[in-house]
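Beneath this line is the structure, given in structure tokens, with notes to follow.
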Amino acid sequence: MRRLVIFAAATLVAATAAFAQNADAIKQRREAMRAIAQAGGDPFKMMRGELPFNMAPVQAVLKAIQDNAGKFKAGFPDDSKTGATEATAKVWEARAEFNAIIDKWAADAKLTAAAITDEATFKVEYPKLASTCGSCHGARGGYAPGVGDSFKRMQTPLQ
Ligand code: HEC
């Protein structure tokens, strides 16, 4: 009986630990993506001509991508497929391709940071990098919902 109780308690602790790890990973990757998406808001409006060009926010989002890509990539362990997430099963089915998009994204952000020196170069270089969002989001990517729907999620605080 005593052994059974100890076994039951140990199982509970293990289950709780697994659940906590899962929730932590989801939170980690969502935080990383939020940092990038938040920094990307103004540059996106500049791209559409809704805000005047300003170098500081452009360089900030390019830095945010480089700083958060690794954290995002590390946030998809096998036990984090379900829960407070909108990542699709494709992330785990096509992991090599998913990881390659992230690595190229971070490397391109670095190149883009060097290539953008003024408004003219911003207009040429930034849209190329921004198209990477669609490599994962929406029907083309298939790893997450459309960017517009994902942005709506940012109105709810992360737990
Ligand atoms: C490598 C693939 C990939 C790229 C590139 C990518 N995303 Fe994501 N994004 C995801 C996945 C997967 C999720 C879902 C994460 C989850 O819910 O677990 C996500 C979630 C989000 C969210 C929701 C964050 C939240 O509150 O949970 C926003 C907003 C977002 N992405 C915006 C963007 C924007 C803007 C870009 C381009 C600058 C971008 N993403 C590029 C894969 C990507």
key: Length gained when the stretch GLU31-ALA100 is fully extended (0.36 nm per residue, less Cα-Cα span)   = 22.8 nm
request  = Please sort by residue number the GluC sites (Glu not before Pro) in the range 73-159 whose DSSP state is loop and whose Cβ has at most 14 other Cβ atoms within 10 Å.
outcome  = GLU86
request  = Rank PHE122, ALA89, SER135 by how far each Cα sits towards the positive end of the charge dipole of the range 2-153 (+1 on Lys, Arg Cβ; -1 on Asp, Glu Cβ) and give me just the farthest.
outcome  = ALA89
ask   = Over the Cα atoms of the range 2-153, what is the Rg over Rh ratio if Rh follows Kirkwood?
value = 1.11
remark   = Under the Karplus relation with 6.51, -1.76 and 1.60 and θ = phi - 60°, whole-Hz ³J(HN,Hα) for the range 61-72, x at Gly and Pro, equal 6, 5, 6, 4, 5, 4, 6, 9, 4, x, 5, 5
query = Using Cα atoms only, what is the angle between the long axis of helix 95-115 and the major principal axis of the chain, expressed in degrees (0 to 90) to the nearest 10?
reply = 30
request  = Assuming R0 = 22 Å, can you tell me the calculated FRET efficiency for the pair MET55 and MET154, based on Cβ-Cβ distance, to the nearest 0.05?
outcome  = 0.35
task = Take the Cβ-Cβ distance between ALA23 and ASP118 as r, set R0 to 41 Å, and report the resulting FRET efficiency rounded to the nearest 0.05.
result = 0.40
key: Spatially proximal aspartates and glutamates relative to LYS63 (Cα-Cα < 13 Å; intrachain offsets below 8 disregarded)   = ASP108
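A short reminder: the numbers here are calculations on the coordinates, not readings from a lab. Computed from a prediction, not measured in an experiment: that's the story for all the values here. Glycine also receives a Cβ, built like all others from the backbone with ideal geometry; neighbour counts cover every protein chain displayed.
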